[in-house]
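Working notes for the structure below.
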Amino acid sequence: MGANFTILCPIDFSECALNALEYAAKVGEKYKAKLIIFHVLNKKDYQNLSPLDLGGIVQKEFLEQKLRNLQEAVLIESLPKGLKSCEVVILEGAIVQATLDFSKKINANLIVVGTEGMNDFKKQVVGSRSSKMVMQSDLDILVVPRKAFFKRPRKLVYASNYVEEDKGAIKKVIQFAAFFDSEIDIVHVSSRSRLIDKALHKTMVEEIKPAISYGLENYLQLAKGDILVTVSKKKDFFDQLFSKNLSRKMSYFITKPLWVIKSY
């Protein structure tokens, strides 16, 4: 899987985007991946910043140099540790659509994108570029909050409602955990009756326990998760994830990355 693994990291030079790039490089080391640092040049935005640079030539040259500097830093740090390669791509267009189109064109395995913070998703970030990517993409996305500086993930928390898709997605989680020697906690999130939940819980445990160490059932007991993982193929993902009953339980992850698995 690692031989052809491709990671796409959109960059706008914000702090959260730079954090996302660090995560992308560290994950890329483990998967021996090709990392593409991707910047979408929106001429309208840059014309507002530099109205005298009508052709955008100065801005583009400045951006190209900044991207080359990032590329060089990644290559120096991560190439000796397993990263296969790091490239820079600049395109013009609408940021979200251009990113999604390019991710399909290169058959990316993972998009790593920054955001201001998980606590903003429902109130402020829904409608933003990062949340639109999550909702519209068919590819896996790792969303990295601004304050989430990379450290080896000691524990992955997989939020499950025991659907069929979990069985395929958990295989990805197991591989990721093996790379970082991480624990996996599976947290059952559901609005169904307790009796049905127990039956599903028993079935799920029996099916996956040969592969992983099964963890918490009650989300509120969670203390030290480093990455939250969930599976979603639905457009109303954020409504499900941040429902009234679940939002307070997820408050711990306001500074933690969220890995949304879309394919398995």
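All of the numbers you see were taken from the coordinates with simple rules; none came from a lab. Just so we're clear, the structure is a prediction, and the values are computed from it rather than from any experiment. Cβ placement follows ideal geometry from the backbone for every residue including glycine, while neighbour counts extend to all protein chains displayed.
Scanning the range 85-105 for residues that are in contact with a Leu (Cβ under 9 Å, 6 or more places away or on another chain), aliphatic (A, V, I, L, M) and assigned to a helix (DSSP H, G or I) yields ALA98, LEU100. Please identify the pairs in which a residue from the range 12-40 that is under 18 Å from GLN175 (Cβ atoms) has its Cβ atom under 7 Å from the Cβ atom of a residue that is basic (Lys, Arg), counting only partners at least 6 apart or on another chain. Close Cβ pairs satisfying both conditions: GLU29/LYS81; LYS32/LYS84; ALA33/LYS84; LYS34/LYS84.
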